[in-house]
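S.K.: This is the structure I want to talk about, given as structure tokens.
None of the figures in this text is laboratory data; all of them are computed from the coordinates on show. Remember, it's a predicted structure, so these values are computed and weren't measured experimentally. With ideal geometry, Cβ positions are generated from the backbone for all residues, glycine too; neighbour counts draw on all protein chains shown.
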Amino acid sequence: MHEFIVGNDKKKHDFVCARELANPRDCIICDKMMVKKYGTNDEVPAKPSDKTLGLAILRKELDDGSVVDVLHEKAVEIEVDGEKVSVENVPVVGVIKQGQRNFWDNFNGYYTRYKTTIDRDYVVTRQGKDKNTKYAVIPLDFEADSGVLKDGKKSKALLEETYAVALASHPSLIEYIEKLGSVERYDFFLGERKPQAELDDETEVEATDETEEGPVAEKPAAKTAASSLQAKLLKHKKAAA
Ligand SMILES: [Zn+2]
């Protein structure tokens, strides 16, 4: 991942290094760009850094201690069988983009202990900033009545069922990677062409990085969904009504 690369709109953007894609190509960032070495004014050739990505459902704790999904404020468009459906009250899905050592290693211990990391909520707190940023990860208690099982495989199936609509409204991690590494994105932000209003960052995927607070969810975007989603959308509409 190339982070904080200044585009021709003068804003900073992230790119997946074009050399690292499944279908690699030349990377203009590696080949031509210089970046400031951290904490100095020295310019050094840009190099990609390793990041680990994960999808997360954004949740919030209420005063009574219960935890609920954070919902999109506006209706989200999902494409089902070529038809756009507007769905309300869709849970927010976010991409967490963090370093393995300073973020994800926190979860390794929990994985060893619980055999999965998706059977409970986690509170993630950011401490310090810049190079001294650390994350404290506190697992909440497993709740037997949450419907999630103490079993990684079954939990995954259950979560995918529960959040089918939310997941359909959000790019998968592969789609996210392809988008951040796409020729279109490189051309748009780093090519000759000036950014245009209709292609501005409104359509970009946002994600956390080490300089931002907490997981940042991505904005709703229309996405093609399998027709098996129809039933779930209906259920969702009923639940929302
Ligand atoms: Zn590169």
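S.K.: If each residue's Cβ is checked for other Cβ atoms within 10 Å, how do T116, T52, T40 rank with the fewest at the top?
M.R.: With the sparsest Cβ surroundings first, the list reads T40, T52, T116.
S.K.: Same structure, new question: Considering only Cα-Cα distances, which of the following residue pairs are longer than 31 Å: K11/K232; K84/K115; K129/K154; K36/K97; K131/K153; K37/K156? Walk me through the numbers on the way to the answer.
M.R.: Numbers: K11/K232 39 Å; K84/K115 39 Å; K129/K154 37 Å; K36/K97 22 Å; K131/K153 36 Å; K37/K156 41 Å.
Table pairs above 31 Å Cα-Cα are K11/K232; K84/K115; K129/K154; K131/K153; K37/K156.
S.K.: Gap in Å between the Cα centre of the range 73-87 and the Cα centre of the range 1-58?
M.R.: Measuring centre to centre over Cα atoms gives 32 Å.
S.K.: Can you tell me how much longer the chain between I138 and D9 gets when fully stretched, taken as 0.36 nm per residue apart minus their C-alpha distance, in nm with one decimal? All intermediate terms of the calculation are to be shown ahead of the outcome.
M.R.: Details: separation 129, 0.36 × 129 = 46.44 nm, distance 3.87 nm.
Contour length minus the Cα-Cα distance gives 42.6 nm.
S.K.: Subtracting the Cα-Cα distance from 0.36 nm times the residue separation, let me have the gained length for S49 to K131 in nm, one decimal. Could the numbers behind the result be given before it?
M.R.: On the way: separation 82, 0.36 × 82 = 29.52 nm, distance 1.38 nm.
Extending this stretch completely gives an extra 28.1 nm.
S.K.: Ok, one more. Using a basic spin-label model with each label point 7 Å from the Cα along Cα→Cβ, how many nm lie between S66 and A22?
M.R.: With each label point 7 Å from Cα toward Cβ, the separation is 4.1 nm.
S.K.: Ranked highest first by average number of other Cβ atoms within 10 Å, how do 17-29, 129-141 line up?
M.R.: On the way: 17-29: 14.4, 129-141: 12.3.
Descending mean neighbour count gives 17-29, 129-141.
S.K.: How large is ³J(HN,Hα) for each residue in the range 2-13, as worked out from phi by the Karplus curve 6.51 cos²θ - 1.76 cosθ + 1.60 (θ = phi - 60°), to whole Hz, x for Gly and Pro?
M.R.: In residue order, the calculated couplings are 9, 10, 6, 7, 6, x, 6, 9, 6, 9, 8, 9 Hz.
S.K.: Using a basic spin-label model with each label point 7 Å from the Cα along Cα→Cβ, how many nm lie between D42 and Q100?
M.R.: It works out to 2.6 nm between the two label points.
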